[in-house]
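The values are calculated or read from the model by the stated rules, or taken from the named source; none is laboratory data. None of the values given here were measured: they were computed from a predicted structure. We place every Cβ from the backbone using ideal geometry, glycine too, and count neighbours over all the protein chains shown.
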Amino acid sequence: MVDVEREGPVARIFLNRPEKANALNSAALEELRAAVAALEPDEALRVVVLGGRGKTFCGGADVAELKSLNAATAGPFVEKIHNVCKAIRELPVPVVAAVHGAVIGAGLEIAAACDLRIAAEGTKFAMPEVRLGIPSVVEAALLPRLVGSGRAAWLMLTGEAIDARRALEWGLIEEIGDGKGLVQKLLAADREALRVQKQLLQLWGEASLATSIATSIERFAQIHR
């Protein structure tokens, strides 16, 4: 359900369940989390690209499993989605989501956890959970930081889709294309500086301004040792 390919310092991870629109069930989520986590100690790694096989990036959580959830299993299931996102954010190198087709629900949460997002022309993005009788949770919390509170509310309260052009306008994605040029730009950066910058960017999104600046000064000094 998950393929990993290596091209020198670049690792490419593909969701590979095309007959189910790469929908995420528990097994696929655990396999994806393990594939991401296995890359963390790799010192030669510079960039990770996350994509999907077939006609779409990810159709969201597997509907059959969603229908089977109850009070005892619902929490552990969405925690599996969070664990994938956490593993992506904990990777020391930039992770690029290279998406196409559709990016729905849990698939959009996983894309949001990546450092950068590139979409093919015509890609659709949606958070339709409210139409299924459930709220959007876990890393959906990243969306207000990416697109602003009003636009995040529009996505999650209406459940309607936006296309790649609007996603670019809203700041949900950084570029429309295949991401090859972006990967080359990341590879051209200094390896250690890039890793530190990823850490700082994540910190800046969560910490106070004073803490962000103080930690930045510390890390800048450490680079010069």
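Restricting to the range 196-210, give me the number of residues that are surrounded by 11 or more Cβ atoms within 10 Å (Cβ to Cβ) and either assigned by TED's automatic domain parsing to the domain that holds R12 or under 20 Å from the mean Cα position of the chain (by Cα) (or both).
Selection size over the range 196-210: 10.
Go through the range 24-53 and give me each residue that's surrounded by 17 or more Cβ atoms within 10 Å (Cβ to Cβ) and under 18 Å from A119 (Cα atoms).
V47, V48, V49, L50, G51, G52
Filter the range 1-23 down to residues that are assigned to a strand (DSSP E or B) and crowded, with 18+ Cβ neighbours inside 10 Å, then give me how many there are.
Count: 6.
Check the range 64-80 and report whether any residue there is within 18 Å of V138 (Cα to Cα), modelled with pLDDT of 95 or more, outside any loop (DSSP other than H, G, I, E, B) and among the β-branched types (V, I, T).
Checked the range 64-80: at least one residue is within 18 Å of V138 (Cα to Cα), modelled with pLDDT of 95 or more, outside any loop (DSSP other than H, G, I, E, B) and among the β-branched types (V, I, T).
Condition check ((1) more than 21 Å from V48 (Cβ to Cβ); (2) exposed (fewer than 13 other Cβ atoms within 10 Å of the Cβ); (3) hydroxyl-bearing (S, T, Y); (4) under 17 Å from the mean Cα position of the chain (by Cα)) across all residues:
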| residue | (1), (2), (3), (4) |
| --- | --- |
| A141 | yes, no, no, yes |
| A153 | yes, no, no, no |
| K180 | no, yes, no, no |
| L194 | no, no, no, no |
| S212 | yes, no, yes, no |
| T215 | yes, no, yes, no |
| R225 | yes, yes, no, no |
